[in-house]
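Each reported figure results from applying straightforward, stated rules to the coordinates on display, with no laboratory input. Just so we're clear, the structure is a prediction, and the values are computed from it rather than from any experiment. Don't worry about glycine lacking a Cβ; one is built from the backbone with ideal geometry, like all the others, and counts go over all protein chains shown.
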Ligand code: 5GP
């Protein structure tokens, strides 16, 4: 695609690659407040140790993330998403990403089951919130509040903000997915700071970083299909996208 687009009455030009993620490429632009993000046709597991080319995955994740960020914006959740510029590319607000991953769990799955011997898909009441240190080299280790505070990755007030943010996003996403007969099992959020030092929701919102299960069949519609080598991961992603699109009509 062209490396120049128009956004908000200005010309935005894609510049140097700032960061190559596991499934996304992030480019600088001629505007220091805007990043150009490209969703790749790639999936990784075990923090990048396993990866595979998956045609169409970039388009599907980009489209799902677009719908979910717009939905959160309509419901007053501030986030980095600016606009889609193609089927696989978007513009985002440039933020200083903090090295904390915020995981919310409504039902037991994944590491929660393997770490605590919980029953898979057991409803969690109250919901569980966890922080992880964002580091591929260290396999994103769990961090408690005092570890985060001692290392200066966030203040008490910021931790409270992260919890509130995640709780609101959970309520909104849970009710949206409920409307399309999908259970939101768990998800991971990332945040960054803007020029004023305010925390803002960042990253992507897609089945790459949330577990989604069909309410009727119990089938997994997310990246677990890839993690567990249990079939074509894009079937579930396509299903999620078409249900979200039908809801929007
Ligand atoms: P778990 O801790 O059970 O592996 O993951 C909990 C939830 O957070 C899942 O929905 C999973 O997709 C998401 N998650 C946790 N860590 C990561 C990560 O490093 N990358 C991505 N894409 N998702 C993550």
**Report entry** region 98-119, residues that are surrounded by fewer than 19 Cβ atoms within 10 Å (Cβ to Cβ), touching a residue at least 12 places away in the same chain (Cβ under 8 Å) and under 17 Å from residue 187 (Cβ atoms)
**Finding:** 110
Requested in this report: Could you please let me know if residue 41 is more than 19 Å from residue 79 (Cβ to Cβ), surrounded by fewer than 20 Cβ atoms within 10 Å (Cβ to Cβ) and in contact with a helix residue (DSSP H, G or I) (Cβ under 6 Å, 6 or more places away or on another chain)?
Outcome: yes
Requested in this report: State which residue pairs qualify: first residue closer than 10 Å to residue 227 by Cα and touching a residue at least 60 places away in the same chain (Cβ under 8 Å) and inside region 35-56, second residue within 12 Å of the ligand (Cβ to nearest atom) and outside any loop (DSSP other than H, G, I, E, B) in any location, beta carbons under 6 Å apart, and separation of 6 or more residues or different chains.
Outcome: 43/226; 45/227
Query raised in the report: For the subset of region 175-187 comprising residues that are buried (at least 18 other Cβ atoms within 10 Å of the Cβ) and touching a residue at least 60 places away in the same chain (Cβ under 8 Å), which member is nearest to residue 69 (Cα to Cα)?
Result: 176
Query raised in the report: Would you say residue 124 is within 26 Å of residue 82 (Cβ to Cβ) and either surrounded by 15 or more Cβ atoms within 10 Å (Cβ to Cβ) or within 15 Å of the ligand (Cβ to nearest atom) (or both)?
Result: no
Query raised in the report: Pick from region 212-224 the residues that are surrounded by fewer than 23 Cβ atoms within 10 Å (Cβ to Cβ) and within 16 Å of the ligand (Cβ to nearest atom): which of them is farthest from residue 80 (Cα to Cα)?
Result: 219
